[in-house]
1. When you go through (1) within 30 Å of Lys262 (Cβ to Cβ); (2) in contact with a Phe, Trp or Tyr (Cβ under 9 Å, 6 or more places away or on another chain); (3) outside any helix (DSSP H, G or I) one by one for Asp85, which number turns out not to apply?
2. How about the stretch 250-267: which of its residues are part of a helix (DSSP H, G or I) and not acidic (Asp, Glu)?
3. Which of (1) under 17 Å from the mean Cα position of the chain (by Cα); (2) within 21 Å of Arg60 (Cβ to Cβ) is the odd one out, the single condition Thr75 does not satisfy?
4. In the list Arg212, Arg220, Arg248, which residue meets the criterion of being within 14 Å of Gln292 (Cβ to Cβ) and open to solvent by 80 Å² or more (accessible area, probe 1.4 Å)?
5. When you check Ala91 against the structure, is it without any contact (Cβ under 8 Å) to a residue 40 or more places away in the chain and within 16 Å of the ligand (Cβ to nearest atom), yes or no?
6. Here are the criteria: (1) over 15 Å from Ala181 (Cβ atoms); (2) hydrophobic (A, V, I, L, M, F, W, C); (3) crowded, with 21+ Cβ neighbours inside 10 Å; (4) within 16 Å of the ligand (Cβ to nearest atom). Tell me which single one Ile153 does not satisfy.
7. Which of the residues spanning the stretch 10-31 are acidic (Asp, Glu) and open to solvent by 100 Å² or more (accessible area, probe 1.4 Å)?
8. Looking at Arg39, Arg43, Arg34 in this structure, which one is exposed (fewer than 15 other Cβ atoms within 10 Å of the Cβ) and either of a type in the set (Lys, Arg) or within 21 Å of Phe140 (Cβ to Cβ) (or both)?
Amino acid sequence: MLAAYAVHAEQSRGRRFPEPPHPYRNDFQRDRDRVIHARAFRRLEDKTQVFTRRYSDHFRNRLTHTIEVAQITRTVAGALNLNVDLAEALALVHDLGHPPFGHAGEKALDAAMREHGLFFDHNLHALRIVEDFEQRYAAFRGLNLTFEVREGIIKHSRDYDAAEHPALAGYLLDKRPPLEAQLIDLTDEIGYNTADLDDGYEAHLLALEQIRDGVPVFERFFREVEQTYPEAADKLKFNESLKMVFNRLADDLITNTQARLKQEGIETLCEVRSHKERLAAFSPEVEAERKQIKNFLYENLYYSLALAEEKNDAERIVSELFRFWMNSPRALPHYYREKAAQESLPRVVCDYIAGMTDHFIIDQYEKHCGRPTD
Ligand code: MG
């Protein structure tokens, strides 16, 4: 039973190019399937989340992170009687615009663009992928996704100012996105905050004592687990405690969002859109715990010395290759040379780099910049 404040598939604002309905999939289920069958989705397999394969084959990459976020999102959206199909499609597409090498790659690409008075934004890049770069259908460019999925791609994690982004004028920038899109930023956080503690611990970059000292909510659950399973191995106690942190975040997101909807008297999608702020949120108490986990990860993992060298390499590879193609546009593949006739060269070089996998960009670097990467 969908709530009245959910997005109902039959009320979708539709696709840019109208298509006949499918006999047994609604429009959001079709969009979910189109995302999964996109080339850009498959490339997520070889894009760094936090750890490269240098560390281990069983750590998260962007694809497995995306699958985890989709699963959390389905559960939370279902518990809130939201449109699970739309929420799942949005979760599956949420990281589609990320460049190679995780945050370091994104930072370097943005810095390179800023030298030309432009910028790189992964949400806007994801929109370009689904609207333009994916070419699967004879009748139109892109994936021809519904308005609600395109809107969610842009707005799931931040608001955009209409004056600064005139090209986005059609996306109701003065309105909040539906709850299905609002959830994604938070389910993404649940996913990576817990996963990065897990992978960081497995990589021996975070010690158990360090996590217990630095993450109070983890410590609370760890003490409980020690009472219940005093004989268990540390790794299993760690797993049990992390599971409890995970459940606390997900439970709180569900119950607090429900409470806020009730408290604000929100009954319809229209009211969700017109509300002055986003309604999907953690409670203040759990929000404080979320921040503690995130700060801990920044201080002890993302900015750790152990990962610094790899991040520096990533930034160097992205910025040197960007400069190379700016100076030698003829070395771009045919498709991008043609694009450069219609769009600015920095934007075209940026699009090319942003689409690359970690493996491909390293090959390109060794080919064009003539140096092995390690
Ligand atoms: Mg993500």
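The values are calculated or read from the model by the stated rules, or taken from the named source; none is laboratory data. Quick caveat, the model's predicted, so the values are computed rather than measured. Glycine gets a Cβ as well: all are built from the backbone with ideal geometry, and neighbour counts include every protein chain shown. These accessible areas exclude ligands, DNA and RNA; they are computed on the full protein's heavy atoms, side chains included. Shrake-Rupley method; radii C 1.70, N 1.55, O 1.52, S 1.80 Å.
1. (3)
2. Answer for the stretch 250-267, where residues must be part of a helix (DSSP H, G or I) and not acidic (Asp, Glu): Ala250, Leu253, Ile254, Thr255, Asn256, Thr257, Gln258, Ala259, Arg260, Leu261, Lys262, Gln263.
3. Tallying (1) under 17 Å from the mean Cα position of the chain (by Cα); (2) within 21 Å of Arg60 (Cβ to Cβ), Thr75 fails exactly one: (1).
4. Every option except Arg220 fails the conditions.
5. No.
6. (1)
7. Going through the stretch 10-31, the residues acidic (Asp, Glu) turn out to be 10, 19, 27, 31.
Glu10, the sole residue that qualifies.
8. Arg39
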